[in-house]
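For reference, the structure is listed below as structure tokens.
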Amino acid sequence: MVDGNRSERRSSAISVDVKMSNLLGRFRVSTRSGLAICISMLLLVVQAIPQQSPENPDRRQTEEATNRRLVSALSAYKAQRYAAAQRELESLVKSAPDSFEVNELLGLVYVAQDKKQQANHFLAKAVQLRPNVAETRTALATNLLAIDRTNEAEVQFKKVVQMEPQGYDANHNLGEFYIQTGQIASAVPFLKHAQEIDPTAYNNGYDLVLALEQVGRLDEAREQLQRLISLRNSAELHNLLGEVEEKSKDYLASAAQYEQAARMDPNEQNMLNWGAELLLHQTFAPAIEVFKAGTQRFPQSAQLHNGPGIAFYGAGQTEEAVQAFLRASDLIPSDPLPLTFLGQVCDGASPELAAQTRSRIQSFITHDDRSAELNYYLAVCLWKGNQIESKSDLTNEIETHLSRALVLNPNYADAYFQLANLDMEQHKYDEAIEYYERALKISADSANIHYRLGQVLARAGNSARAKEEFAIFERLRKSESDATNKEQNQIQQFVYTMRKSDASQQ
């Protein structure tokens, strides 16, 4: 699978006997697997042994004994008595080192016990003895991949495709190999060919869509999804189609697909995707209703509580936004995400809620002081919440957190900007000028920074430079987004951050 965060996905069916799935994972072995071949050959061999052999009766007895032991080992393997099978086969391989069946089965027994290094020798020997058995090569290739011998695994997977160019399993497996090794573009032609061979293959088709989406072939991804939906109309397919439509910038179609997925299967992820898409459209009232329904269904979901926080913020309902973010923070106190959101809205909250926000962020930083953003927002919240009184210890605390933010992120332009504002309030004009200039080195097109720099230059008596900065401010102000666009961009960033956080927690 391309995206490991898709909890609904199932591994491809492995039509091979017990425990082989431990080795094969996402790869497929056809119904005529190496083990199936082994069984059929054993039966033929046993049936072909004559009751009496006038020639070399000792050899006949030896063969009979060998085949009985091999059948016994095979029975133990099928019954998952791997230690017994291993003992029998390790003894057999000494007397029959060139037996394809013994080497293959012993390799599979080691695989079933997660002894992949030992398995590799015997699977490789089996391939050497019968190089044209595609299924055994596939088992060897998959085992090589499992022990990080990637280049050798690729050679084996490619060889199977050369042997069976029209084989579904051969093409699917090579495609999955490229996905697992991060070579998504290389995976596409093989997954696509496998789908052409078997258009009803759901898992291969799903992974093909994911690969096409990642390499930007969105029209093909959409067409493949529509074919899959015609075969199996599932919520996960509508959810994935929503992603494809969003990347194609067809946001109305995207929202419709996310809604369809949530209505078919109102699980936490589908509700989150639907609500998040509504947020991106700035349709805050419907988003609030979706997230309300989601939090009622999943009251312990911190992410679903972050959703209405963003929606209330976008709708201008700051108090409700803060309360939603506080609930999300209560659910996962170790998650900095809701606190980051709170930091951005705390100056618009009531004194009581602003105090709760400051307290939460301070508590978090006491235990984990690695977030530049939280240090920055704590400084801002302390400053905005204490405009009436001016205490040196408070100023020192604000400065400490802003400085800490810059230690954690030396390119944090906003932190330099706020340090400059702090110095300007204290009439430390030279220090303020230096901080504004540092901020401009990082964010040269910020009209606000140029304006503030012009102000402090004027107060410091440098009127010529002040006029230059005001002129730059006027030029930038006309091209800069208005306040509404800035808020929209901020909400988009909220949503993307929320989605990223959700993916990392799965």
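Here are the numbers:
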{"read-out": "Listed residue (ALA315, SER371, THR295) projecting farthest to the positive dipole end of the stretch 293-376, Cβ model", "value": "THR295"}
{"read-out": "Surface share of carbon and sulfur [accessible, 1.4 angstrom probe, percent] for the stretch 98-167", "value": "43"}
{"read-out": "Eligible aspartates and glutamates near LYS428 by straight Cα distance, threshold 14 Å, same-chain separation 8 or greater", "value": "GLU399"}
{"read-out": "Nearest-0.05 FRET efficiency for ASP148 and ARG297, computed from C-beta distance (R0 35 Å)", "value": "0.25"}
{"read-out": "Apportionment of accessible area to carbon and sulfur, the stretch 224-341, percent (1.4 Å)", "value": "51"}
{"read-out": "Rounded if a/c under 1.5, otherwise prolate or oblate - the stretch 224-268, Cα gyration tensor axes", "value": "oblate"}
{"read-out": "Estimated inter-spin distance, ARG81 and ALA185, nm [label 7 Å along Cα→Cβ]", "value": "5.4"}
{"read-out": "Isotropically averaged projected area of the stretch 91-132, using the convex hull of Cα atoms (one quarter of hull area), nm²", "value": "2.7"}
{"read-out": "Linear extension gain, GLN117 paired with SER95, 0.36 nm per residue minus alpha-carbon span", "value": "5.7 nm"}
{"read-out": "Calculated over the stretch 347-453: convex hull of Cα atoms, volume per residue (Å³)", "value": "100"}
{"read-out": "Mean accessible surface per residue for the stretch 181-225, computed with a 1.4 Å probe while every protein chain stays in place, in Å²", "value": "38"}
{"read-out": "Across LYS249/LYS292; LYS158/LYS192; LYS247/LYS478; LYS78/LYS115, pairs whose alpha-carbon gap is larger than 20 Å", "value": "LYS249/LYS292; LYS247/LYS478"}
{"read-out": "For the stretch 98-175: rounded, prolate or oblate by the Cα gyration tensor [a/c cutoff 1.5]", "value": "oblate"}
{"read-out": "Additional length obtainable on full extension of the chain from ARG459 to ILE229, 0.36 nm per residue less Cα span", "value": "76.1 nm"}
{"read-out": "Label-point gap, in nm, between ASP250 and ARG475 - each point 7 angstrom along Cα→Cβ", "value": "4.3"}
{"read-out": "Burial ranking of peptide ranges 298-307, 466-475 (average Cβ count within 10 Å, highest at the top)", "value": "298-307, 466-475"}
{"read-out": "Restricting the stretch 62-113 to chymotrypsin sites (Phe, Trp or Tyr not before Pro) in coil, as DSSP defines it, with at most 12 other Cβ within 10 Å", "value": "none"}
{"read-out": "Sites SER363 and LYS467 - FRET efficiency at Förster radius 56 Å, r taken between beta-carbons, to 0.05", "value": "0.75"}
{"read-out": "The stretch 114-221 shape via C-alpha gyration tensor axes, a/c threshold 1.5", "value": "prolate"}
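The values are calculated or read from the model by the stated rules, or taken from the named source; none is laboratory data. Just so it is clear, the structure is predicted and the values come from calculations on it, not from any experiment. Virtual Cβ from ideal backbone geometry, glycine too; neighbours counted across all protein chains shown. These area figures cover heavy atoms from the full protein model, side chains too; ligands, DNA and RNA do not enter into them. Shrake-Rupley method; radii C 1.70, N 1.55, O 1.52, S 1.80 Å.
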